[in-house]
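The values are calculated or read from the model by the stated rules, or taken from the named source; none is laboratory data. Remember, predicted model here, so these are calculated numbers, not experimental data. A quick note on method: Cβ atoms are made from the backbone with ideal geometry, for glycine too, and the neighbour counts reach across all protein chains shown.
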Amino acid sequence: MTNQIPGQVGRTAVVTGANSGLGLVTATELARHGARVVLAVRNTAAGGRAAEQIRRAAPSAQVEVRELDLASLASVRKFADGADSIDLLVNNAGLVLLGPRHETADGFELHLGTNFLGHFALTGLLLDRFDTGTGARPRIVNLSSVTHKNKTLDFNDLMSVRDYDAARTYGRSKLATTIFGLELDRRLRAAGSPIISVLAHPGITRSNLTPRAWEHRGALGRFLSRTALLLTQPVEQGAEPQLHAATAPDVHGGQFFGPAGFRELRGPSTEVRPSPEASDPETGRHLWSAAEDLTGVRYL
């Protein structure tokens, strides 16, 4: 698929969580095809190592490392304040299955706060930095998960205070991300904006999050982690849907890309369908309002 990526010269892309896994593959391919890429990472030392890896793969790569902790709204605002004009935002970073319940610096449940609310705030704060005067339409790509499809949101307990389960809470955070991406598309179109909002998910992919997901379960977790690796696809293949969403010239707002194989678990990239709850405009409006109140970031 990477040989089908059109030239990205002249585009500036911000990729969150770009120091490893899906984000690193995405940043590498964007840079290899000519984009200037900002690696938005929590750990800048790891980001520096990733930047060197990208430069080895693509010697002419234009890569910049900037600190971004999505679990801190102060960090999100600081990143946005220092941002230049951009053409592409890939909201890739995420946390998965962290065991006991944890909270962000702002008191949000950690999965929801990082995977959804941090990206909601970042997107809003960067919206006026998008270059809308170029030929290629600027894009926002949100990374969903196949696990969103069997989840529902409890608006009376969004932070999972009363009802916490790590796997379920992760799935709900990805449902929230999916709802956000589709509601963002509706609002951008209503505003007449040239920016498009697109979604992608990687299926079940052999990323650095796979072993981390089971660390808290000791020997059983290590066994499950090794077993999961046998069932997953390589990270390069898992990144194909988000690279397609970010670069393909025929993509339009509201589209959703994922693996073409059985239950969207693996395989080449194709267009897929979000869950009915994710597609519901009323749910989208409700979640958007809640996110505005929680983050203090209002846009569109």
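Cβ-Cβ distances below 9 Å connect the following pairs, each with a first residue in region 88-109 that is hydroxyl-bearing (S, T, Y), a second residue that is at pLDDT 95 or above and outside any loop (DSSP other than H, G, I, E, B), and a separation of six or more residues or different chains: T104/L73; T104/L110; T104/L112; T104/G113; T104/T114; T104/L117; T104/G118. Only residues that are farther than 20 Å from H148 by Cα and of a type in the set (D, E, K, R) were counted in region 234-258, giving 2. Between D163, D128, the distinction of being of a type in the set (D, E, K, R) and either outside any helix (DSSP H, G or I) or in contact with an Asp or Glu (Cβ under 8 Å, 6 or more places away or on another chain) (or both) belongs to D163 only. Applying the set (1) closer than 23 Å to L184 by Cα; (2) free of Cβ contacts under 8 Å to residues at least 24 places away in the same chain to N3 leaves exactly one unmet item: (1).
Name the single residue, out of those in region 50-75 being of a type in the set (K, R) and surrounded by 15 or more Cβ atoms within 10 Å (Cβ to Cβ), that is nearest to T28 (Cα to Cα). Among those residues, the one meeting the criterion is R55. Residues considered: V76, V90. Of these, the only one that is β-branched (V, I, T) and either over 18 Å from A291 (Cα atoms) or at pLDDT below 95 (or both) is V90.
From the set of residues in region 177-208 that are assigned to a loop (DSSP other than H, G, I, E, B) and over 16 Å from the mean Cα position of the chain (by Cα), which is modelled with the lowest pLDDT? Give the derivation first.
Kept after step one, since they are assigned to a loop (DSSP other than H, G, I, E, B), are these residues of region 177-208: 191-195, 201-204, 206-208.
Those left that are additionally over 16 Å from the mean Cα position of the chain (by Cα): 191-195, 206.
Working: A191: 97, G192: 96, S193: 96, P194: 96, I195: 97, R206: 72.
Checking each candidate, the answer is R206.
Answer with yes or no whether V15 is under 20 Å from V235 (Cα atoms) and assigned to a strand (DSSP E or B). In short, yes.
Selection of region 55-82 for residues being touching a strand residue (DSSP E or B) at 6+ places or on another chain (Cβ under 7 Å), over 25 Å from S145 (Cβ atoms) and of a type in the set (A, V, I, L, M) yields V63, V65. Taken over region 125-158, the residue count meeting the criterion of being surrounded by fewer than 16 Cβ atoms within 10 Å (Cβ to Cβ), small (G, A, S) and either modelled with pLDDT of 95 or more or within 18 Å of the chain's Cα centre (by Cα) (or both) is 0.
Counting only residues that are surrounded by 19 or more Cβ atoms within 10 Å (Cβ to Cβ), at pLDDT 95 or above and under 14 Å from D165 (Cα atoms), region 96-118 holds 4 of them.
Filter region 20-41 for residues that are surrounded by fewer than 24 Cβ atoms within 10 Å (Cβ to Cβ) and in a strand (DSSP E or B) and give the result. Steps first, please.
If we filter region 20-41 for residues that are surrounded by fewer than 24 Cβ atoms within 10 Å (Cβ to Cβ), which is where we start, we get 20-21, 32-34, 36.
R36 - this is the single residue of region 20-41 that is surrounded by fewer than 24 Cβ atoms within 10 Å (Cβ to Cβ) and in a strand (DSSP E or B).
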